[in-house]
């Protein structure tokens, strides 16, 4: 096991990784920007190093500064968390070139699966169902037109690189194709530096279901069942559940087997997530694979009783998985609400500022992952999520009741948050009845 690990991230995920390091008696090294000098992760880590100015490009995306901090501190490994450099193959390579361990898959795997079109080819080769679409990225708009005629409408156009809901557009008829192509490509260039686009048949009102996997360096791969991630706003997840109330045992078995098969085909090691779209007839189709820890990993931890971040650290240090597929079971139901410093009444505009006072909920079955504290100044430079509220119940009904109770107890003064918006979803008949899909927020199903 490692003696010292540097965490190349900030906020609640940095705090979460520090906690896992403490559980394994590993010394944690935090990095922070000048705007994050008072951030919780910089305060509670065993060591902390400033890596640059407030802007992410000068700090949390500054590869050389991060690696220099790791080498100078004597860290043996770097955990990238999610976002920032977590799926950057160049960074993973630099980590290894400097004699450090990257806590995640190897650079070639990140590169392979980071190209969404190539990932789709791998899925096909592994026998995983995929939606009808292009074989890789199209060369230009002329090819996009030809492929659209072959595939048929409605179409989804997606950036070949990247993720996080960026570079995605829908064309429901031929007249919409040019605008969708141009917008998706421009957004892909702006966010990922790569304007390539691939296309596939759009599945109307699908469920977004993802499967958590873990693979070690000894050929072992397991899945930790599924998460329901269909409640999304502009392709960004808002609320997640585990397990999905829509998934039956047969679909769960088939999706789990498909996820493990794909992971084994590409020699996947460490934590990863394979995302699927599922239609109303419970046909599932490969969407993409995320080569990192997910924001919503706590719901899987809660229903399986397994610490995914600790398992990441063990795997990266060369240890085999500490459990087998046969030892994994589902226990109850979990829900996670992402709490953001945003104002839903102003189109979810970010609301940075000082937290004057706060109260975090507690009680049976409640967990709060956050880096917020009373007096903390939320900076305007980074993602607006300030915490994740997670609950567990014996049944979905009990989990819903506990989440409502926890949301009612969650208080922030000084900043506007999305807490009331989450409560509206939890109280809607569409959510209670499990009758929702990826378009439900846009369609007003929770109003």
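The values are calculated or read from the model by the stated rules, or taken from the named source; none is laboratory data. Note that the coordinates shown come from a computational prediction; the quantities given were computed from them, not determined experimentally. Cβ: placed from backbone, ideal geometry, glycine included. Neighbour counts: every protein chain shown.
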Item to check | Filter result (touching a helix residue (DSSP H, G or I) at 6+ places or on another chain (Cβ under 6 Å) and not in a strand (DSSP E or B)) within the stretch 167-186 | outcome: 167, 177, 181
Checklist outcome for this item: Of the conditions (1) modelled with pLDDT of 95 or more; (2) out of contact with any strand residue (DSSP E or B) (no Cβ under 7 Å at 6 or more places or on another chain); (3) outside any helix (DSSP H, G or I), the single one that residue 447 does not satisfy is (1)
Checklist entry - Out of all the residues in the stretch 350-398, which are over 22 Å from the mean Cα position of the chain (by Cα) and either outside any loop (DSSP other than H, G, I, E, B) or not assigned by TED's automatic domain parsing to the domain that holds residue 243 (or both)? => result 353, 354, 357, 358, 359, 377, 393, 396, 397, 398
Checklist entry - Which of the residues belonging to the stretch 125-142 are in contact (Cβ under 8 Å) with a residue 60 or more places away in the chain and not in a loop (DSSP other than H, G, I, E, B)? => result 125, 130, 133, 138
Checklist entry - Within the stretch 14-47, which residues are within 18 Å of residue 62 (Cβ to Cβ), in contact with a strand residue (DSSP E or B) (Cβ under 8 Å, 6 or more places away or on another chain) and buried (at least 20 other Cβ atoms within 10 Å of the Cβ)? => result 14, 29, 30, 31, 32, 33, 39, 41, 42
Checklist entry - Hey, among 189, 95, which residue is under 25 Å from residue 60 (Cβ atoms), without any contact (Cβ under 8 Å) to a residue 60 or more places away in the chain and touching a helix residue (DSSP H, G or I) at 6+ places or on another chain (Cβ under 9 Å)? => result 95
Checklist outcome for this item: Pairing a residue in the stretch 67-89 that is at positive phi with any residue that is in a strand (DSSP E or B) and surrounded by fewer than 23 Cβ atoms within 10 Å (Cβ to Cβ), where Cβ atoms lie under 6 Å and the two sit 6 or more apart in sequence or on different chains, gives 74/4
Item to check | Yes/no for residue 415 being in the same structural domain as residue 354 (by TED's automatic domain parsing) and more than 23 Å from the chain's Cα centre (by Cα) | outcome: yes
